[in-house]
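Working notes for the structure below.
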Amino acid sequence: MATIIGILGNKGGTGKTTLTHLVAHGLALAGHRVVAATTDAGREPLSKQHRRYLPVDARTPEALEKVAAKLANVDGWYGVLDGGANRPQTDERLAALADLVLLPFRDSPEDLRVVLRDLERFPGAYALPSQWPTNVWQREAAERALGRSLGGCASRILRPVPAISATKQLLEIVAPVRLPPQVDTAARDLADTVLARLGHRRDTTDAPAAVAAT
Ligand SMILES: Nc1ncnc2c1ncn2[C@@H]1O[C@H](COP(=O)(O)OP(=O)(O)O)[C@@H](O)[C@H]1O
Ligand SMILES: [Mg+2]
């Protein structure tokens, strides 16, 4: 059976769709076979062209169950499920299917409040700092805010994914032939974090900066 990663959370705009494609791309760069499933009825399915992974349409409950059944029958594959926001029931179903649940959040008081609630709802899930500031001063301020809000769950906070404007190219209907190197690097880093968390690979990185600062 495939290994399933669910990227969920009750808030829109946190980076779920971008991170779904980023981790799928990163896992594919690491040589894995990957499906990225969209469950968000408000989004168009993306083309396979120029992608190293397979985007699939799981926008209805029936389509999701079909994708889940196919993934249950393929060994060694990874399935990444993109959640929708404001759909607690769909999130419950996606979490039940997933071996690893990621809850992206940005550096904002509202995102921090929502992710704290989501961490309580999904006790096995990890919070993933997303669109994280790259400017040193902003990053330090973000890490302080994170420590104040989520310091009690430091072991459940993953290494941040930096803000990289070019990640939007991942969501073009037809992806570019080649993605910018900083997108490939962020994809590999995120795939590393995910594989380590799944116990599929040794984590060679230090503790996440966001946690070390708390
Ligand atoms: N790492 C990132 N760096 C810069 N912009 C990002 C990043 N991740 C997401 N974004 C941008 O944030 C917005 C929301 O991202 P999206 O993936 O659609 O979130 P969600 O699926 O949670 O609603 C989009 O405009 C997207 O391009
Ligand atoms: Mg989305």
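Nothing in this text is a laboratory measurement; each read-out follows from the coordinates by a stated rule. If you're wondering where the values come from, they're calculated on a predicted model, not measured in any experiment. No Cβ is skipped: glycine too gets one built from the backbone with ideal geometry, and neighbour counts run over all protein chains shown.
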request  = Give the Rg/Rh ratio for the stretch 3-212, taking Rg as the radius of gyration of the Cα atoms and Rh as the Kirkwood radius, to two decimals.
outcome  = 0.94
remark   = Taking the chain and counting helices only, DSSP H stretches of n ≥ 4 at -39,500 (n - 2.57) each over all residues, the nearest-500 ellipticity at 222 nm comes to -12500 deg cm²/dmol
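Based on other C-beta atoms within 10 Å, arrange 90, 20, 60, 167 from fewest to most. It would help to have the intermediate numbers written out before the result.
Values: 90 19, 20 28, 60 11, 167 24.
Going from least to most buried by this count: 60, 90, 167, 20.
At R0 = 35 Å, how high is the FRET efficiency between residue 145 and residue 184 if r is their beta carbon distance? Nearest 0.05 is fine. List each step's numbers first, then the result.
Values: r = 29 Å, r/R0 = 0.84.
My answer for the efficiency is 0.75.
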ask   = Hey, which aspartates and glutamates would be in cross-link range of residue 70, C-alpha to C-alpha under 12 Å, not counting anything within fewer than 8 residues on its own chain?
value = none
message = Cut-off under 25 Å on the C-alpha distance; same-chain residues fewer than 8 positions from residue 168 excluded. Which lysines are left, in chain and number order?
response = 11, 16, 48
inquiry  = Relative contact order of the stretch 3-212, please, whole-number percent, based on alpha carbon pairs below 8 angstrom and at least 6 residues apart.
reply    = 28 percent
request  = Report, in degrees rounded to the nearest 10, the 0 to 90 angle that the Cα long axis of helix 181-197 makes with the longest principal axis of the chain.
outcome  = 90 degrees
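Calculated FRET efficiency, residue 168 and residue 63, Cβ-Cβ r, R0 22 Å, to nearest 0.05? Don't skip to the end; give the middle numbers.
On the way: r = 25 Å, r/R0 = 1.15.
Rounded to the nearest 0.05, the efficiency is 0.30.
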Residue-span extension gain [residue 86 to residue 135] - 0.36 nm each, minus C-alpha spacing = 14.6 nm
key: the chain: most fluctuating residue of 152, 12, 84 per GNM, C-alpha cutoff 10 Å   = 152
ask   = Does anyone have the angle between helix 136-150 and the longest principal axis of the chain? Alpha-carbon axes, 0 to 90°, nearest 10?
value = 90 degrees
Most mobile listed residue (194, 74, 177) in the chain, GNM with C-alpha springs under 10 Å = 177
